[in-house]
Amino acid sequence: MNQKLGIAIIGYGYWGPNLVRNFDSLPDCEVRLVADASAERLQLVSTRHSHIATTTNAAAIWNDPAIDAVVIATPVFTHYKLAKEALNHGKHVLLEKPMTQSAHEAKELMDIAHARGLLLMVDHTFLYTGAVRKIKEMADAGELGQLQYFDSTRINLGLFQSDINVLWDLAPHDISILLHLIKEKPVSVAATGISHTFNKLENIAYLTVKYASDFIAHFSCSWSSPVKIRTILVGGDKRMVLFNDVEPTEKVKVYDTGFEVKSHEDKNKLLVDYRVGDIYVPKLEAREALSGMAQDFIRCIQDRTLTPVSHEGIGYDVVRILEAAQQSMANKGAEVALDL
């Protein structure tokens with residue numbers, strides 16, 4: 001494809017500037033339009049990128065033949081309507097996470113994209129980080145052994161959201177990493193949470209994702225912590241990995257540590273041999289994750305035989321897990337079956 005792909009970006013709030021900057025730097029595409037309801041935000045676009053047109057009316061995008069793809073970085077409750085409009089007008093779509101407010105909405109968007117031969121992708125940026133790419137590489141190569149658990153902690157003080165609870169805000173990052181690393185599909189979830197605000201949106205929540213095998217995943221999310229923690233532990237029967245995203249340099253540490261349970265004549269006694277070995281810090285790719293995500297989107301539009309790393313299936317499964325977690329919390333932590 002010789003002609004540059006025309007890109008429109010809807011939403012220039014918190015994440016929009018990063019999207020504009022990264023797409024604008026790619027040689028195979030051109031950001032031709034940025035839409036936002038705020039004239040003040042659009043003035044920032046004009047100041048930073050004088051060559052990019054702006055509009056307060058997203059509808060200007062739909063019938064513009066110069067726009068091949070639309071990037072949607074608006075609140076989640078707007079995703080379905082905007083993405084459906086874009087797809088129905090023949091535009092490829094990249095949605096910010098979470099994909100939609102419901103699995104039903106996500107499935108409908110997927111069906112439209114398939115019917116029209118369009119790319120629908122979700123920006124789960126963490127899948128493009130050097131840290132996650134390295135952990136995926138080690139897991140696929142069998143260096144960690146048989147994976148046993150995934151334990152995520154994502155807590156900090158604020159930012160309290162007004163439209164979604166803490167699970168919908170923070171958990172998509174780490175759920176997408178879980179789904180990327182683990183080939184097995186989860187079978188059920190159980191979640192509990194509490195709201196300390198008048199709007200009844202949970203600001204602290206705990207989610208357990210269960211599998212038919214012995215693998216288990218757990219997520220702890222909070223807007224009410226005095227400290228900021230961003231850690232994921234991935235445990236295998238050979239090695240264990242710590243991903244600490246707050247750590248400025250040594251984000252991934254691999255522990256040659258484990259245990260082995262030995263049989264005993266007395267079935268009531270448990271004999272466990274512990275192995276404590278070396279800790280090493282692997283070298284990680286230094287490229288910006290968002291740049292990798294943007295390149296993946298453009299590449300998969302240019303070659304429709306390719307599947308993006310952060311494909312629509314992961315986006316759908318994240319929403320389905322969050323939806324089931326919401327149902328579980330409403331029923332005091334009752335287990336909810338998944339149909340992924």
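Here E335 passes the criteria (1) surrounded by 12 or more Cβ atoms within 10 Å (Cβ to Cβ); (2) modelled with pLDDT of 95 or more; (3) within 22 Å of T125 (Cβ to Cβ); (4) of a type in the set (D, E) except the one numbered (3). For region 21-36, the criterion of being surrounded by fewer than 17 Cβ atoms within 10 Å (Cβ to Cβ) and over 21 Å from R304 (Cα atoms) is met by at least one residue.
Answer yes or no: is there a residue in region 78-101 that is of a type in the set (D, E), touching a residue at least 12 places away in the same chain (Cβ under 8 Å) and under 29 Å from A171 (Cα atoms). Yes - at least one qualifying residue is present in region 78-101.
Just one of the listed residues (T100, T54, T78) is part of a loop (DSSP other than H, G, I, E, B) and surrounded by 14 or more Cβ atoms within 10 Å (Cβ to Cβ), and it is T100.
Select from region 16-38 the residues that are in contact with a Phe, Trp or Tyr (Cβ under 6 Å, 6 or more places away or on another chain) and acidic (D, E) and list them in ascending order. Passing the criteria: only D36.
Yes/no per residue for (1) polar (S, T, N, Q); (2) assigned to a helix (DSSP H, G or I):
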{"position": "L94", "(1), (2)": "no, no"}
{"position": "A106", "(1), (2)": "no, yes"}
{"position": "L109", "(1), (2)": "no, yes"}
{"position": "V122", "(1), (2)": "no, no"}
{"position": "F126", "(1), (2)": "no, yes"}
{"position": "R133", "(1), (2)": "no, yes"}
{"position": "E137", "(1), (2)": "no, yes"}
{"position": "E143", "(1), (2)": "no, no"}
{"position": "Q148", "(1), (2)": "yes, no"}
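Okay, residues lined up against (1) surrounded by 20 or more Cβ atoms within 10 Å (Cβ to Cβ); (2) within 28 Å of T249 (Cα to Cα):
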residue	(1), (2)
D140	no, yes
F160	no, no
I175	yes, yes
E184	no, no
S188	no, no
Y206	no, no
D214	no, no
K228	no, yes
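The values are calculated or read from the model by the stated rules, or taken from the named source; none is laboratory data. All values reported here derive from a predicted model rather than from experimental measurement. Glycine gets a Cβ as well: all are built from the backbone with ideal geometry, and neighbour counts include every protein chain shown.
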